Amino acid sequence: MHAVVTGLVEATGTSIELDLPDTEATAEVDARRVERILRNLLANALDHGEGVPVRLTVATNDTAIAVTVRDFGVGLRTGEAELVFNRFWRADPSRNRRTGGTGLGLAISVEDARLHGGWLEAWGEPGKGACFRLTLPRVPNTELTDSPLPLSPLDVIEPEPVEPPLAVAVAVIEPVVANGTDLDWRPTEVTEITVRNGSNQVVEAAVRAGAPEQPAEAKP
């Protein structure tokens, strides 16, 4: 595989960055077919990466091995992630291929992945590039349930917004004699509660006993 990567780098002048695990990643696969998949994914990324270095990442878990090939080119529009595996389909027919090829590479690659009981998936957004993920079982005839790598690259996954706390005041109202005979309703105890918006989780509570001071009335 090293020879394949070196050849593509020399042919295109674009570098390929490798993000590999610290320990050896092994799987029982048809080496010829898997090498063909990786060669097609790298060639596609180099063709569409606008000269920006392509990133290849490898990871494993107990049952699967995954490889992602990430480019930072023009990306894919909505719906094109399913079309890229169709024979002869091209996102931009006017673009010249820098690595050669017939337009069958991705269609052949998805079939090679299926023959291994694996998945070949694509992600892309306009202006943010594209990412292809190959996931294969480490042992033949093992059913895949998940992948060791995300399909959407981590550099474009936005964290969920955190809503600010919401402060609520709960008052206990009791009658108070005012002016000798009149009853005046005033709070005798106030509980200030801070909760998270959209939940019932109380994160802070404080109680103030006694009615709040009333402003002095202006004398005529």
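Throughout, read-outs are computed from the coordinates displayed, never taken from laboratory work. Just so you know, these numbers come straight off a predicted model, no measurement behind them. A quick note on method: Cβ atoms are made from the backbone with ideal geometry, for glycine too, and the neighbour counts reach across all protein chains shown.
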Quiz item: Based on the mean of other beta carbon atoms within 10 Å per residue, what is the order of 27-38, 137-148, most packed first?
Solution: 27-38, 137-148
Practice problem: Give the calculated FRET efficiency between Leu104 and Val52 to the nearest 0.05, with a Förster radius of 25 Å applied to their Cβ-Cβ distance. | Solution: 0.50
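Would you mind counting up the charge near Leu56? Only other residues with Cβ under 9 Å from its Cβ, with Lys and Arg at +1 and Asp and Glu at -1.
Working: positive: Arg55, Arg70; negative: Glu17, Asp19.
Net local charge, Leu56 excluded: 0.
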Exercise. Starting from the Cα-Cα distance between Leu144 and Ser15, subtract it from 0.36 nm times their residue separation and give me the gain in nm to one decimal.
Key: 43.3 nm
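Decide, for region 12-68, between rounded, prolate and oblate: order the square roots of the alpha carbon gyration tensor eigenvalues as a ≥ b ≥ c, take rounded if a/c falls under 1.5, and otherwise choose prolate if a/b is larger than b/c, else oblate.
It is oblate, given that a/c is not under 1.5 and a/b is not larger than b/c.
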Exercise. Just order 68-75, 79-86 by mean Cβ neighbour count inside 10 Å, highest at the front, would you?
Key: 68-75, 79-86
Exercise. Obtain the nm distance between the two label points defined at Glu24 and Arg87 by a simple spin-label model: each point lies 7 Å from its Cα along the Cα-to-C-beta direction.
Key: 4.0 nm
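Pairs of Cα atoms under 8 Å, at least six residues apart: use those to get the relative contact order of region 2-156, whole percent.
Rounded, it is 27 percent for region 2-156.
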Quiz item: Once Lys and Arg get +1 and Asp and Glu get -1 on their Cβ, which of Asn86, Asn44, Gly7 lies farthest toward the positive end of the dipole of region 1-90?
Solution: Asn86
Self-check item: Overall Cα dimensions of region 2-156 - principal axes, largest extent first, Å
Solution: 42, 31, 30
